[in-house]
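See below for the structure under consideration.
What follows is calculated from the coordinates using simple rules that are stated; it is not laboratory data. The structure displayed is predicted, hence computed values, not measured ones. Cβ placement follows ideal geometry from the backbone for every residue including glycine, while neighbour counts extend to all protein chains displayed.
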Amino acid sequence: MNPTHHERLLNAVKNLKVAGTPDGPARHQPLTLLWAMGRVAHHRPRLVAWRDCHAELRALFREYGQPSSRPRPEFPWLALYRTDLWELHGHTGNVPTASGEPIKWMERHNPYGGLTAWAYELVDTSEESRAAVIDEIGHRFFNGTCPEQLLKDVGLLATASPVRQPAQPPSPVEEYLRLVQLVEAAEARGDHNRTTTSTREQPVRSDAARKAVLIRSRGRCENPLCTGQPNDVTDGGDPILEVDHIDDRAGWGRDHPENMIALCPNCHAIKTRGRSRDRLRPLLRTEAQARHEALRTQRRVNV
Ligand SMILES: [Zn+2]
């Protein structure tokens, strides 16, 4: 567990600003967070399109929201976006505030929303952090503890197995950062500006950078919208992932994990020739940078 991120997560949850209702504090923001944490527990994509999830959230709010709150998920999405916990992508222009009638904006832009990368990473790897958030939400919003049925409905009960144990030494984070150092040293020497001659001249590609990205991915496609990684593995037992440059290496995009991403074959095909590829590219860039940064911050805390 990363102690800094743990504190950061708990503080953000403690400091949620919610409206009052005659029955107690409005619950839509904490319910949205629990729902998102349930997605993490089941390794579902970090980000999800508004249109693909608002009905599910509405049903959750109807069941567990305060009786006088209208079940409208656009409000918690926009309120959470103002906190450290929530991201929106894929829209253009400014995000409206949670006051007024933002539903039209949500329908027009159909943004992708979800937990920020560092929060996702923490909830994914630390059972302790996950439990602390559930406790805090239960204490503040449910007079003590979250209803068991609610935790079941969002997929947060009986999730002990999907939580991965912290890595044994040598930790993947250390190994990732060691490889990044190799990459950066080679960059500094100018090695990355050379070309290699095979059938035609190509910029060199760093094996360390590729290995680092595979470690960072922890065996899962890094596209935050991925829905279709195959369960199969290669003959060598490795996950079926391809490491790709976000800005193409052939066009001298940087040969560094910040500009690289591990993708399953489906997502790789979408990035290369899907209609949504232009929309996907900035999202992948943000994701690679956020994951790189999450590991770097972790290192600063650990040493
Ligand atoms: Zn994928």
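Rounded to the nearest angstrom and listed largest first, the equivalent-ellipsoid semi-axes of the chain from its Cα gyration tensor are 37, 22, 17.
Positive end of the dipole of the chain (Cβ unit charges, origin at the Cα centre): among Val173, Ile270, His43, the Cα lying farthest that way belongs to Ile270.
Taking the empirical scaling 2.2 N^0.38 Å for compact globular proteins as reference, region 226-303 has a Cα radius of gyration ratio of 1.23.
Between Asn231 and Gln181, the contour length at 0.36 nm per residue exceeds the Cα-Cα span by 14.8 nm. Counting 0.36 nm for each residue step from Arg285 to Glu242 and taking away their Cα separation leaves a gain of 13.9 nm.
The residues neighbouring Pro102, those whose beta-carbon lies less than 13 Å from its own, together hold a net charge of +1 under the Lys/Arg +1, Asp/Glu -1 convention. Taking the Cα centre of region 197-277 as reference, the dipole from Cβ charges on Lys and Arg (+1) and Asp and Glu (-1) amounts to some 240 debye.
Each 5 Å bin from zero holds the following percent of Cα-Cα pairs in region 46-190: 2, 8, 12, 17, 17, 14, 11, 8, 6, 4, 2, 1, 0.
Helix 172-189 axis versus longest C-alpha principal axis of the chain: approximately 40°, rounded to the nearest ten. Evaluating 6.51 cos²θ - 1.76 cosθ + 1.60 at θ = phi - 60° for every residue in region 252-266, the Karplus couplings come out as 6, x, 5, 8, 8, x, 5, 10, 9, 8, 8, 10, 6, x, 4 Hz, glycine and proline recorded as x. Taking θ as phi - 60° and the Karplus parameters 6.51, -1.76 and 1.60, the scalar couplings of region 214-226 work out to 5, 5, 4, 6, 6, x, 10, 3, 8, 5, x, 10, 4 Hz in sequence order, x denoting glycine and proline. Across all directions, the average projected area of the convex hull around the alpha carbons of region 172-302 is 9.0 nm².
Compared with the alpha-carbon gap, the fully stretched path from Arg275 to Trp252 is longer by 5.9 nm at 0.36 nm per residue. For Lys152 and Lys14, what does the FRET efficiency come to when R0 = 25 Å and r is the distance between their Cβ atoms, rounded to the nearest 0.05? It comes to 0.50.
May I ask for the distance between the Cα centers of region 218-240 and region 10-37, given as a whole number of Å? Result: 34 Å between the Cα centres. Candidates Gly138, Thr32, Thr4 compared by Cα position along the dipole of the chain: farthest toward the positive end lies Thr32, with charges placed on Cβ. Explain nothing, just the number: dipole magnitude of the chain about its Cα centre with +1 on each Lys and Arg Cβ and -1 on each Asp and Glu Cβ, in debye rounded to the nearest 20. Charge dipole of the chain: 640 debye, to the nearest 20.
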